[in-house]
4 protein chains.
Amino acid sequence: MTTSGFGNTVANSDISIASPRFLASDNTSGICPEAMHYLLQANEQDDLAYGNDVWTERAASRFRTLFETDCEIFFVFNGTAANSLALASLCQSYHGVICHQLAHIETDECGGPEFFSNGSKLLPVDTPMGKLTPEGIARVVTRRNDIHYPRPRVVSITQATEVGTLYSLDELQAIREVADQHDLKIHMDGARFANACASLNVTPAQMTWKAGVDVLCFSGTKNGLAFGEAIVFFDHELARDFEYRCKQAGQLASKMRFVSAPWLGLLENDTWLVNARHANAMAQRLVEGIHDIEGVNVMFPVQANSVFLEVPITAQQYLRDCGWTFYTFIGEGGVRFVCSWNTSEALIDALVTDLRQALVQRDQQ
Amino acid sequence: MTTSGFGNTVANSDISIASPRFLASDNTSGICPEAMHYLLQANEQDDLAYGNDVWTERAASRFRTLFETDCEIFFVFNGTAANSLALASLCQSYHGVICHQLAHIETDECGGPEFFSNGSKLLPVDTPMGKLTPEGIARVVTRRNDIHYPRPRVVSITQATEVGTLYSLDELQAIREVADQHDLKIHMDGARFANACASLNVTPAQMTWKAGVDVLCFSGTKNGLAFGEAIVFFDHELARDFEYRCKQAGQLASKMRFVSAPWLGLLENDTWLVNARHANAMAQRLVEGIHDIEGVNVMFPVQANSVFLEVPITAQQYLRDCGWTFYTFIGEGGVRFVCSWNTSEALIDALVTDLRQALVQRDQQ
Amino acid sequence: MTTSGFGNTVANSDISIASPRFLASDNTSGICPEAMHYLLQANEQDDLAYGNDVWTERAASRFRTLFETDCEIFFVFNGTAANSLALASLCQSYHGVICHQLAHIETDECGGPEFFSNGSKLLPVDTPMGKLTPEGIARVVTRRNDIHYPRPRVVSITQATEVGTLYSLDELQAIREVADQHDLKIHMDGARFANACASLNVTPAQMTWKAGVDVLCFSGTKNGLAFGEAIVFFDHELARDFEYRCKQAGQLASKMRFVSAPWLGLLENDTWLVNARHANAMAQRLVEGIHDIEGVNVMFPVQANSVFLEVPITAQQYLRDCGWTFYTFIGEGGVRFVCSWNTSEALIDALVTDLRQALVQRDQQ
Amino acid sequence: MTTSGFGNTVANSDISIASPRFLASDNTSGICPEAMHYLLQANEQDDLAYGNDVWTERAASRFRTLFETDCEIFFVFNGTAANSLALASLCQSYHGVICHQLAHIETDECGGPEFFSNGSKLLPVDTPMGKLTPEGIARVVTRRNDIHYPRPRVVSITQATEVGTLYSLDELQAIREVADQHDLKIHMDGARFANACASLNVTPAQMTWKAGVDVLCFSGTKNGLAFGEAIVFFDHELARDFEYRCKQAGQLASKMRFVSAPWLGLLENDTWLVNARHANAMAQRLVEGIHDIEGVNVMFPVQANSVFLEVPITAQQYLRDCGWTFYTFIGEGGVRFVCSWNTSEALIDALVTDLRQALVQRDQQ
């Protein structure tokens, strides 16, 4: 039994029981063909280190085209680093970051944001559907105004959220307004940014700077790369000296081209969007598949590629015995399935079948 | 109007309204005569710097006598530093500190513990009466056991608590047991340690190492000094190189004798205990004085020197107009009064009188 | 034998040999009468905590008058904290601080600046007389311009220097020019700022903002206080949220009035200047007294209150046996004497006598 | 013109002049075939995240076999992180790390070690040939023994050194002895560890734990991977909770198998050694090729894969015009060439030819 990311237990890390079937997270998938194509290309000849290669500039340029603005792009290795470094650039150690109680930065980065910022405090808010609200934000900002408590400085939004829901553009706009009232910057954790754009059918520009986002952490890993998150600053001033910050924090790849070139695979031909749409569609397929299974309930609206289901404990065990990997919410009877760029319809259908059978088994007990 | 410490507003920092009467905190009092005596003594001739003077060793020795054990003593300037440095010596950056949701380290040190430890996360628990319970501690420790969340390493107890209640020796013992089960160290925030010893009538040894406390931050400031908290380690290994930590963190006084000598004034003739008993007695006097005032309710058992009362908003304003300083709990109608070594019976009686009048005024409106 | 501050050994911490006579540092002196007067005054009645008292505003106002400008004043406990916090407010973790190789921040703060700034690197320069030069600064700035090395951000000047020399106003101006060329801020470590002003006969304004200093750490401790350094920002923007930084770092005194009120004693009637002039005069008296002692040489121009002498090892031992305390430069035969506000002519004369005798003793061996 | 890693300038990042020929560093090479084989293999099916996959355990097991001991292995993204995290696990913030003045941790990690450790100070030593000596180490340890300076805690050795020289086993042993005398841990920066083993013809075990090394950072990047350094602890106690440290610091790859599986390619069939031997041989070929070119001098014994040459400035420009990339030592006329696993004999021969021609050109001017 292995423990991992969602603060919970992954079933079936003990893979001897059955051949494992991976729906625990979109980080169990590999590298998509388009990204691999560029990784191999970048390996064909030597090139300069530390991002001075030909690929990195091409990838950065592609990002600027995608976002329809002269933004600044930095590539780092993973999501913890991306979020933590972005927040550290917005905060001093005595500042606070308003985030949802379920935000990854609060629950699953082992104090990364506090470490990189040397002490900035996360100020969690517990509002419905995993989403911050203007009221929730205002409440945190106004409850204290003395120097004995960290001064709120940033609102961190996760889009799509940790529970698979989405902020609408209107909701983002409303958050921008309350942020403006209180002189707050907005950070967007885009671990599943592609899935959000795909689902809402809005452009990256609409989802970010047009909605008032100051800095975005755009995950490539969950979208089909081996590694490599892009930090996108829409305000050049906020990005000042950020390359030094990355270097000092161990996030400047010497062979940078193996991070940046695969991004070209994602960004060309809208592969990032194709991958995200597929993952979202598989999540929908799962929801539709289980809608008539009595005893299985959808916990949150399925708006991106994550599906949270209430599944009886005995049925969960049945699934594990079948080789399914998934995270559980301890003590709540909830399980999470996340679809990815390579999740097949057959896999979803097999899960639905096993879930159906699991409930039957339970009823027969 | 000035904002301050308890995350709330101190009434009457605008002292033009009326001559202020201080019951907002035990840190509005000055230096007690016994401490001043030694401060003046230490000023009579020059002495070596950085604690190599004759006073510091005498004070440390007195502490060892008081605690009936060969403990290690370090003097630092204030409570934020004392708590934060003590926790930093127990934790690595990826560790977690279990504390009550109302603990000063969580609510009123502006991220100090996170700063000094470079990222240790506070893991707050919301249990009744401002006190941690073995169950609450165990719940935090066991809800996660993966590397994506800080590993719990320390339990931080405040004695007396932030709401003026006390842990009994049995309660401390029960916490030690759960701490042992989970390999946790115990830190005691003794901002009002003297008041706790006085109220429970137990010795400092019984309250600390005999009850399983690993390190105590013993406040002198609230007990009658100008500055200067004593960090008392009962485990020599935990204190290893701690003097370097203090120095680096800006907590090594060059003229150390002006911190340590006044402690002699507190420790000789049980002045620390006399001061604490007096403060506690004044708190009791206040509780007794207001027990028959309708509309004023005691919010927590008054076991030390803090008194939390529910007072109608209009009555609060009346008190402010009379010059009383106090903290409020925003949105709860609660006010805090804290008695000190120099709080007079007359002051308490005047407050009772004004409170009674305040409620009458309200009823007449 | 006790080790201490200057990285060297203080003779005669073993005070059994002879009654100690203190010239090791100006931090072995106590509180001057004018400061004590206000300390006692501030103790006469209760007052608000955390600097909301009547004394702190008066002291800050006095500073503004002294510096002839609307500067921002913060009081912290000691010099390590003052320097480290000031530098942390000017730097991000990936920045560098250019300082002299003998600067206190490099040699005697146990990594304090690196700790408070979470990693800013000190970039020491070895130029004559303990003083930075424009050329030395430019050399550090221009030798690297890549992201693999901390970006220089601040020049830190110590005035008077660690070896008792002074920057002239012209020298300060020249440093300001090179700083402007390279977008560097200027921090002044004013551990002996008063001595510098007194010796050069320039005003605090001339020595600081008029000479391009951005932030000054003005030591009260070495000038006659028990504790308490003033951080003076001449650029309001640089001081933004600095009160949070102080609080988080354990440098906000709850009974702040006992730091700020004694400063009134120094600032009224030019006591700070009187104290400094006296200390400087005693240093001159020492230099004059020993000028004809063969075998004793002055190592650096004596421009403030520190005197560095080459003294034969055997003569050093003689002094120790006489009870004199002083720091030595290991392996160099150098000793340091520092005069203070309360150093008496008699003490200086006794040292001269003993030094003369020490050399005679040696010659007779 | 682009600036980069060695604190110097890489010629010909402006690749329009001529087709670039890469000898600036072994990090300009790509992924070796054996590593790529496993990267592709690992991509063939989904697997668990965060190192719970089948590849990571296999790779770790291979390391234990290679080192002939039950060591603990952690994979991180790059060398800055590997060194900084390893040092942070050995140090508290007030500790010091003794290293050579030319060590990468001192000159090219932008304050990374200070950042990760929250302030540990590097204590550089300037001894010949880029190598620490027992005497140099002892000098640093013994020059200070007071709390005003960081306490030395670790000796950091780079093997092979930054200037391409090697510590013999005897030299390592002598360092271990002085480390033992002063209670110091030994960290080995193995950016070119493979080259060192190959050149000295010693086993990894002989080079590390048998020689008293406590923790090794073994670079895969420079040996043929895209990314991924292995941190190898030979003392389990030192590795305690290190996985939390990695996670918090943004160094835990979610798709860990793409770091670990390629290591299998290096470790099987001694590919790591074959790659290193080849690189070393190419360095020798270069040295031999230029031995008779007047005006070109070898600056340091060429014992691994780096070659430092004194080359006249005009000749350097000629090389740049030919498309060669290399680092220069500013102001010293030195240039660095580093050979890699894929450096061809033809490339070396072409460089020799161009160097010869460069000197002729110069003579004709």
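Odds and ends about this structure:
- Residues of the range C:317-326 that are open to solvent by 10 Å² or more (accessible area, probe 1.4 Å) and closer than 24 Å to residue D:144 by Cβ: C:317, C:320.
- Taking the range B:284-298 as the range and being part of a loop (DSSP other than H, G, I, E, B) and either open to solvent by 80 Å² or more (accessible area, probe 1.4 Å) or free of Cβ contacts under 8 Å to residues at least 12 places away in the same chain (or both) as the test, the residues that pass are B:291, B:292, B:294.
- Exactly one residue out of D:68, D:72, D:44 is within 21 Å of the chain's Cα centre (by Cα), at pLDDT 95 or above and more than 30 Å from residue D:348 (Cβ to Cβ): that is D:72.
- Given (1) more than 30 Å from residue B:74 (Cβ to Cβ); (2) within 14 Å of another protein chain (Cβ to nearest Cβ); (3) open to solvent by 40 Å² or more (accessible area, probe 1.4 Å); (4) in contact with a Ser or Thr (Cβ under 9 Å, 6 or more places away or on another chain), index of the condition residue B:301 fails: (2)
- Residue-level check: of (1) open to solvent by 10 Å² or more (accessible area, probe 1.4 Å); (2) touching a residue at least 40 places away in the same chain (Cβ under 8 Å); (3) more than 14 Å from chain A (Cβ to nearest Cβ), residue D:235 misses just (2).
- When B:142, B:208 are checked against the criterion of being polar (S, T, N, Q) and touching a strand residue (DSSP E or B) at 6+ places or on another chain (Cβ under 7 Å), B:208 stands alone in meeting it.
- Listed by first and then second residue, the pairs with beta-carbon distance under 9 Å, at least 6 apart or on different chains, first residue in the range C:119-130 and closer than 15 Å to residue C:175 by Cβ and facing chain D (nearest Cβ under 8 Å), second assigned to a helix (DSSP H, G or I) and open to solvent by less than 10 Å² (accessible area, probe 1.4 Å), form an empty list.
- Residues that are closer than 30 Å to residue A:120 by Cβ, at pLDDT below 95 and open to solvent by 40 Å² or more (accessible area, probe 1.4 Å) number at least 2 in none of the strands (runs of 3 or more DSSP E) confined to the range C:88-192.
- Condition check for residue C:15: at pLDDT 95 or above, touching a helix residue (DSSP H, G or I) at 6+ places or on another chain (Cβ under 8 Å) and either within 11 Å of chain B (Cβ to nearest Cβ) or assigned to a loop (DSSP other than H, G, I, E, B) (or both): no
- Of the set (1) within 14 Å of chain D (Cβ to nearest Cβ); (2) buried (at least 22 other Cβ atoms within 10 Å of the Cβ), all apply to residue A:275 but (1).
- Residues located in the range A:24-51, provided they are facing chain D (nearest Cβ under 9 Å), buried (at least 22 other Cβ atoms within 10 Å of the Cβ) and of a type in the set (A, V, I, L, M, F, W, C): A:24, A:31, A:39, A:42, A:48, A:49
- Taken over the range D:307-347, the residue count meeting the criterion of being not in a strand (DSSP E or B) and not aliphatic (A, V, I, L, M) is 20.
- Reported count of residues in the range C:238-254, each being open to solvent by 10 Å² or more (accessible area, probe 1.4 Å) and either within 14 Å of chain B (Cβ to nearest Cβ) or closer than 15 Å to residue C:176 by Cβ (or both), is 6.
- On the stretch given as the range B:255-272, residues that are at positive phi and either acidic (Asp, Glu) or buried (at least 23 other Cβ atoms within 10 Å of the Cβ) (or both) total 1.
- Flag: residue C:311 does not match the condition of being more than 14 Å from every other protein chain (Cβ to nearest Cβ), more than 20 Å from residue C:196 (Cα to Cα), in contact with a Pro (Cβ under 9 Å, 6 or more places away or on another chain) and β-branched (Val, Ile, Thr).
- Contacts under 6 angstrom Cβ, first residue in the range D:215-229 being of a type in the set (A, V, I, L, M), partner part of a helix (DSSP H, G or I), 6 or more apart: D:215/D:86; D:225/D:35; D:225/D:262; D:226/A:258
- Taking the criterion of being under 15 Å from the mean Cα position of the chain (by Cα), within 12 Å of chain C (Cβ to nearest Cβ) and not aromatic (Phe, Trp, Tyr), the residues of the range B:76-104 that qualify are B:76, B:78, B:79, B:80, B:81, B:82, B:83, B:84, B:86, B:104.
The values are calculated or read from the model by the stated rules, or taken from the named source; none is laboratory data. The structure presented is a predicted model; accordingly, all values stated were derived computationally and were not measured. FYI the Cβ positions are ideal-geometry reconstructions off the backbone, even for glycines, and counts take in every protein chain you see. All accessible areas refer to the heavy atoms of the entire protein, side chains included, with ligands and DNA or RNA removed. Shrake-Rupley method; radii C 1.70, N 1.55, O 1.52, S 1.80 Å.
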